[in-house]
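Asks: Questions regarding the structure given below will be posed in turn.
The values are calculated or read from the model by the stated rules, or taken from the named source; none is laboratory data. Just so it is clear, the model here is predicted, and its values are computed rather than measured. Every residue, glycine among them, receives a Cβ derived from its backbone with ideal geometry; neighbour counts consider all protein chains shown.
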Amino acid sequence: MEPSTAEQSLARQPVWKALWIVSLGHFLNDTMTTLVPSLLPLFQSHLGLSYIELGVLVLVANVTSSMVQPIIGAWTDRHPKAWLLPAGEFVVGAGAAAMGFAPSYGWLLVLVALLGAGSAAFHPEASRAAHLAAGVQKGTAQSIFQVGGNAGQAIAPLVVSLLFVHTGLHGSIWLLVPAMLAAGALATIVPWYGAKAKVKAPRVVRTAGGTGAAWAVVLLLVVVTFRSWMQAGLSGFLPLYYVNVRGLSTSVAEVYTALFLLAGALGTFIGGPLSDRIGKRRLILISMAGAIPFSLVLPYAHGIWAAVDVVLLGFIVLSTFAVTVVFGQELMPGRIGLVSGLMIGLAVGMGGVGASLAGYVADRFGITTAIEILAVLPLLAAVLAWWLPEDRPLSPRGRPATKPHH
């Protein structure tokens, strides 16, 4: 029996409660995972680590938390696992709470890997839950989900300034409390999620681009990788640059990173609905090209101008965070977990590779050179984004706009 008009209208509406709970879980998850790069100055002084060891630490965090996500996503596309939402959140909290007590670099790597494993289990299912709760407003819903993660990444440096600077690394034990609360909140939507996930996902179909969708996904992955190299590199090494080159305190240096990531969270929140209106490819192009002047100025800006620059750079370059996920999902319909793992996991996890390379450059040529190289990445991303396929924005009524007749 065909669904009624009322049922069809209801199916088009977002499930706001589920969206905001998943966004909250994403917020706390990414707060704890982002503590790893934010705590680099404290790890460096406590364990006497080199820049390359710090880069490897970020690499381990990113590989375990992000780069295995496509595997988990492909598996859960066939066998959705609602329980991974609260379970993954709890494991992240346990790893984050324990890493402040690591007695050596080796143990620190193990605990960071544990934290990352929990995050890898959480993300594909959380992104699928956001997709199922989105109705027709995919860009807006993915923005709500992703802004939770970006806000969490932005809060992490402030947690370092407000908590760890005063308590030392052992203050990490307090992270277990919000992790347990978030896991409990996520457990409340498991029945809803399980019921929605039982509906068979559509088979992968050819898009208007036919086999061209495959190269489009690869190209999109490269664009996201460049963006991730810049984000991870600046998140980890911008505080070290301000401390070791500019002579700022750790607390003040972390504020600049927080401004970059908070502005990025706002950009993410605005970017999704905006892409629904103007199209995803167009927004990606505007974002990457618009970030170029602010990234090139970054190593030379001082004082209030440095703060203004990192805010504008973060807002512009991270406004596409949710957009690239939805774009990939449209290119590969029926593979929500896999695409989420690719766009959020693999491509973002490549940021850890970028951080390691930045650490190598900082050790060999100086941290200023590393920051200057990171500043060129939006230019490369903009050139590649030009070749992405066109997509159709939504009409004012929330339906895909029809192509104009010629």
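Asks: Of all residues in region 193-222, how many are touching a helix residue (DSSP H, G or I) at 6+ places or on another chain (Cβ under 9 Å) and modelled with pLDDT of 85 or more? Give the derivation first.
Replies: Step one: filter region 193-222 for residues touching a helix residue (DSSP H, G or I) at 6+ places or on another chain (Cβ under 9 Å), giving 193, 196-197, 199, 201, 206-207, 209, 213-214, 216-217, 219-222.
Filter again for modelled with pLDDT of 85 or more, leaving 216-217, 219-222.
Residues flagged as touching a helix residue (DSSP H, G or I) at 6+ places or on another chain (Cβ under 9 Å) and modelled with pLDDT of 85 or more within region 193-222 amount to 6.
Asks: Continuing with the same structure: For residues in region 238-278 being of a type in the set (Ser, Thr, Tyr) and within 23 Å of residue 163 (Cα to Cα), which is farthest from the chain's Cα centre (by Cα)? Reasoning before the result, please.
Replies: Our first condition is that a residue be of a type in the set (Ser, Thr, Tyr); within region 238-278, this holds for 241-242, 249-251, 256-257, 268, 275.
After this cut, where a residue has to be within 23 Å of residue 163 (Cα to Cα) as well, the list is 241-242, 249-251, 256-257.
Values: 241: 23, 242: 24, 249: 27, 250: 24, 251: 24, 256: 19, 257: 15 Å.
Looking at the filtered set, the residue picked out is 249.
Asks: Just checking, which of 290, 398 is more than 30 Å from residue 50 (Cβ to Cβ), surrounded by fewer than 24 Cβ atoms within 10 Å (Cβ to Cβ) and at pLDDT 85 or above? Don't jump to the end; show me each part of the working.
Replies: On the way: 398 fails: at pLDDT 85 or above.
Sole residue among the options that is more than 30 Å from residue 50 (Cβ to Cβ), surrounded by fewer than 24 Cβ atoms within 10 Å (Cβ to Cβ) and at pLDDT 85 or above: 290.
Asks: Restricting to region 67-103, count the residues that are among the aromatic types (Phe, Trp, Tyr) and in a helix (DSSP H, G or I). Please lay out each step first, then the result.
Replies: Here is the first cut: in region 67-103, the ones among the aromatic types (Phe, Trp, Tyr) are 75, 83, 90, 101.
Still in the list and also in a helix (DSSP H, G or I): 75, 90.
So the count comes out to 2.
Asks: Related question: Take residue 122 and decide whether it is more than 30 Å from residue 330 (Cα to Cα), part of a helix (DSSP H, G or I), out of contact with any strand residue (DSSP E or B) (no Cβ under 6 Å at 6 or more places or on another chain) and of a type outside the set (Gly, Ala, Ser). Before the answer, list the steps.
Replies: Working: more than 30 Å from residue 330 (Cα to Cα): no; part of a helix (DSSP H, G or I): yes; out of contact with any strand residue (DSSP E or B) (no Cβ under 6 Å at 6 or more places or on another chain): yes; of a type outside the set (Gly, Ala, Ser): yes.
Considered against the rule, which asks whether it is more than 30 Å from residue 330 (Cα to Cα), part of a helix (DSSP H, G or I), out of contact with any strand residue (DSSP E or B) (no Cβ under 6 Å at 6 or more places or on another chain) and of a type outside the set (Gly, Ala, Ser), residue 122 comes out as no.
Asks: Further question on the same structure: For region 326-374, which positions are without any contact (Cβ under 8 Å) to a residue 12 or more places away in the chain and of a type in the set (A, V, I, L, M)?
Replies: Let us first name the residues in region 326-374 that are without any contact (Cβ under 8 Å) to a residue 12 or more places away in the chain, namely 364-366, 369.
Passing the criteria: none in range.
Asks: Quick check on this structure: which one of 108, 176, 115 is more than 27 Å from residue 272 (Cα to Cα), crowded, with 24+ Cβ neighbours inside 10 Å, at pLDDT 85 or above and in contact with a Gly (Cβ under 6 Å, 6 or more places away or on another chain)?
Replies: Working: 108 fails: in contact with a Gly (Cβ under 6 Å, 6 or more places away or on another chain); 176 fails: crowded, with 24+ Cβ neighbours inside 10 Å.
Result: 115 is the single residue among 108, 176, 115 that is more than 27 Å from residue 272 (Cα to Cα), crowded, with 24+ Cβ neighbours inside 10 Å, at pLDDT 85 or above and in contact with a Gly (Cβ under 6 Å, 6 or more places away or on another chain).
Asks: Taking region 287-307, which residues are in a helix (DSSP H, G or I) and either without any contact (Cβ under 8 Å) to a residue 12 or more places away in the chain or charged (D, E, K, R) (or both)?
Replies: We begin by selecting, within region 287-307, every residue in a helix (DSSP H, G or I); these are 287-300, 303-307.
Result: 293, 300, 303, 304, 305.
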